[in-house]
1. Can you work out the FRET efficiency for the pair residue 260 and residue 49, with r the C-beta to C-beta distance and R0 = 45 Å, to the nearest 0.05?
2. Dipole of the chain, Cα-centred, from +1 at each Lys and Arg C-beta and -1 at each Asp and Glu C-beta, to the nearest 20 debye?
3. Express the carbon and sulfur contribution to the solvent-accessible surface of the stretch 106-164 as a percent, rounded to the nearest whole number, probe 1.4 angstrom.
4. Accessible area per residue for the chain in Å², computed with a 1.4 Å probe and the full protein assembly in place, what is it?
5. Take every DSSP beta bridge whose two residues both sit in the chain, then give the antiparallel share in percent to the nearest 5.
6. I want to check the label-to-label distance for residue 226 and residue 70. Put each point 7 Å from Cα in the C-beta direction and report it in nm to one decimal.
7. Just how far, in whole angstrom, is the stretch 226-289 from the stretch 29-48 if you go by their alpha carbon centroids?
8. Quick one: ranking 136, 168 by accessible area, 1.4 Å probe, largest first, what do you get?
Amino acid sequence: MDKGPPPLDLAALDIFRTVAAEGSVTRAAERLQRVQSNVTTRVRQLESDLGTPLFLREGKRMALTPEGEVLLGYADRLLALAEEARQALHPGPPAGRLRLGSMESTAASRLPAPLARLHRQWPGVALELTTAATRVLVERLRAHALDAVLVAWPPGQPADPALETRPVFTEELLLVLPAGHPHAAGPDQVQPGTLAVFEPGCTYRRIAQDWFAPRREPMQLLELGSYHAILASVAGGGCAGIVPRSVLSISPNAALLSQQPITTITTLLTWRQGYRSAALDALQQVLVD
């Protein structure tokens, strides 16, 4: 009787995921504290069990095949669920890996102090922080690639029943304009014709575009990758922008800009419905203290 393929081994999936992340067996072995030959053997055994190559081997570089890309998504979810199961069955002091995603502005202006407290109080928590736009972070959360995210929901977007949220920060969004720009009572009074923004999927970008939507002459968009670049572009006189006050409060160049309030929005700590861990509880505690 055909017994079918062997069950997936979580340890092998962890090795596979690490090789995929590092792009190298050598670096993966160092990260996993395993000998290189063991990593190579486990990857080849996984490929044999699944009946398909998972990596394209280009010298020492390892790139995922299309089948490997598919498996990586499942590996992330399976390993995350296994970690959730372990923590649910053996609750204890906060420890272990916590994969936190955050908007760029929140990471820069809000997180240093609470994350320092988290490390001081619970050094056993291994925090992995990544930044991206809200839409990307929520997609990665749903795919089990992150454990929790700090995001701002676009105004009017209904709550997602698959996710739980907790308000942690209130952000005042400011319209920033070149120094000396007069107060703008509406979008038509903004003199620059270009709006400096982050990538699509950023909630603050959507708010900015909605605010400028009634303008008779549409704003051109300049996509930038950091608030430093946005503020520099505004200070240079050619752009407008919408930026959280908390970001301006840590910028040494805030005095070079004209500023006026636009709206407020809540930053939410968000996680999958039913997900629980002592590390997440500890994070919530330091964020709201």
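The values are calculated or read from the model by the stated rules, or taken from the named source; none is laboratory data. All figures in this text were calculated on a predicted structure; none of them were measured in a lab. All Cβ positions, glycine included, derive from the backbone under ideal geometry; neighbour counts span all protein chains shown. Accessible surface is based on the protein model in full, side chains and every heavy atom, while ligands, DNA and RNA are left aside. Shrake-Rupley method; radii C 1.70, N 1.55, O 1.52, S 1.80 Å.
1. Details: r = 61 Å, r/R0 = 1.36.
Here the calculated transfer efficiency is 0.15.
2. 440
3. Reported share for carbon and sulfur atoms: 59 percent.
4. Values: 14730 Å² over 289 residues.
Heavy-atom SASA per residue in the chain reads 51 Å².
5. Working: 26 of 41 bridges.
Taking every DSSP beta bridge with both residues in the chain, the antiparallel ones total about 65 percent.
6. 4.0
7. 41
8. Numbers: 136 50, 168 25 Å².
My answer, sorted largest first, is 136, 168.
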